Amino acid sequence: MGTLRLLHFRAKALLMPRRMYSAAAPGADSPSTQRFALLSAAGCCGATYLLWKDSERNHKQREQPVSIVVDAQVQKRIDAYIVRPKLVGELKSLLSPSRLESDNFFLSITGNCEAGKTELLRHVLEGRKGVLVVTLKKDDVDVYTAIQTQIGAANDDAAIIEALKEAKNRLGLHPIVVIDIPAGITGATAILSVSTFAKTFCYDERVCKVVVVASTAATADRITGDRRKINFFVPQFSLQEWKTAEAKAVLEHWYKNPVDETVIDKVFDLAGGNVGRFKAILVDASERGLASACASQEWCTQDELQHYESIDMQGGFGPEKVRRAGWLAHKVAQSSFEQCFPSSGASVFFSPTAFGDTARKFGTHPIYFDANLHAYCARSPYVHRQLRSIKFGFGSRKWWF
């Protein structure tokens, strides 16, 4: 900038009226020649400066996405967390750098609503760099657009590939793209783009590894991946897990009071292995007392059962509108709480995907599909008893079979 300013003043001086100058020395260039030379130099220098600024801007546009990917990490947990050693060990093995660099696959993590999927993944990946978490927030926004917006890349796939490839070079291993699909996302644009992204970026270009966290098994089933897709199911907490010393410490943190097995049994009866419900009851109990909190949960469960009852009245499961919600409730009630009802007994009527899509649409989850057991299960012992004691039918809490 100093050189440009000097040239500016010298050019200005040469452009002033001739009477301001003394006579030129013998053999020297005329003032007009000097003015032309300086103006040419100034123009050349200005053009060079503009080119430099344009180059710098392009460099920043290329560098920003790479830096964001390289520095990306999962958010640190701010709440107490119950470590599940078996699941942590299995997931750490799948996501170990040696496994990720040697195998070409993408991972799909699923489980019942509020089973602790996101917290488990966060625990395993905490502190690792190059982990870009992208959350799909709208049905009509695909994963490509979501990533481009998050890292500031140009609006084309090549820019994302270039950023991930350079991030891989700097990290010395593949960056991980975690795609989080919340329960409310069901649109084909968003869901189907995940399969395409995994195939293009994970298999074809091999510039990253992909981990999908699906809110339900139904969503995960719609994301194809051939034999290269590995499914990782996060089951609900068992009563034994809730009663470990580490779990009790977290429960006391939520409850703000000592927790004995009587309290755990009472809350488990209503919440089962659902982490979100278990926490909600204890947090509520810390303010209003356990009895009031449990009574509120019972009322909420009864209301949810009313919504479940309406499925048959409003169409049934899936696009074929199979009116088998009451039949399924009857079968789950007849099975033991621990063993559930095998999905093979319902496959002739509807698929787990159709069941999950319908349950999410109606916002009711007293029954869930367990991908490990391949069975439909009651969410909690209390729900299981309600299913057993109710005769189901349209409009009268009696469902015919």
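The values are calculated or read from the model by the stated rules, or taken from the named source; none is laboratory data. All values derive from a computational prediction rather than experimental measurement. As a convention, Cβ positions derive from the backbone with ideal geometry for all residues, glycine included, and neighbour counts pool all protein chains shown. Just the protein is used for accessible areas: all its heavy atoms, side chains included, with ligands, DNA and RNA removed. Shrake-Rupley method; radii C 1.70, N 1.55, O 1.52, S 1.80 Å.
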With DSSP loop assignment and no more than 14 other C-beta atoms within 10 Å, the GluC sites (Glu not before Pro) in segment 225-284 are none
Counting pairs on different chains as well as pairs 8 or more places apart, how many Lys pairs in segment 215-324 have Cα atoms under 27 Å apart?
-> 9
The extension gain from Ile68 to Ser347, computed as 0.36 nm times the residue separation minus the Cα-Cα distance, is 95.9 nm
Over segment 256-315, what percent of the accessible surface lies on carbon and sulfur atoms, probe 1.4 Å?
-> 52
Applying 1/(1 + (r/R0)^6) with R0 = 56 Å to the Cβ-Cβ distance of Thr200 and Ala80, what FRET efficiency is obtained, to the nearest 0.05?
-> 0.90
Cα gyration tensor shape for segment 115-188, rounded if a/c is under 1.5, else prolate or oblate | oblate
How much length, in nm to one decimal, is gained on full extension between Lys138 and Leu239, taken as 0.36 nm per residue of separation minus their Cα-Cα distance?
-> 32.7 nm
With every protein chain in place, the accessible area of His307 for a 1.4 Å probe, in Å² rounded to the nearest 10, comes to 80
Set the Förster distance to 45 Å, then compute FRET efficiency between Arg385 and Arg228 from the Cβ-Cβ distance, nearest 0.05.
-> 0.60
Just how far, in whole angstrom, is segment 70-139 from segment 226-294 if you go by their alpha carbon centroids?
-> 21
Shape call for segment 79-148 from the C-alpha gyration tensor, a ≥ b ≥ c root eigenvalues: rounded (a/c under 1.5), prolate (a/b greater than b/c) or oblate?
-> oblate
Interchain or long-range residues, amide H under 5 Å from Thr135's placed H = Asp180
Determine one quarter of the surface area of the Cα convex hull of segment 181-324, which equals its mean projected area, and express it in nm² to one decimal.
-> 12.1
Normalised by the number of residues in segment 323-394, what is the relative contact order in percent for Cα pairs under 8 Å and 6+ residues apart?
-> 41
Which whole-number percent gives the relative contact order of segment 128-246, counting Cα pairs below 8 Å spaced six or more residues apart?
-> 28
On the accessible surface of segment 65-147, probed at 1.4 Å, how many percent belong to carbon and sulfur atoms?
-> 53
Using alpha carbon centroids, what distance separates segment 339-376 and segment 311-327, in Å?
-> 12
Measuring from label point to label point, each 7 Å out along Cα→Cβ, what is the Glu90 to Trp299 span in nm?
-> 3.9
Backbone N under 15 Å from the Thr149 label point (7 Å along Cα→Cβ), restricted to segment 183-218 | 185-187, 189-191
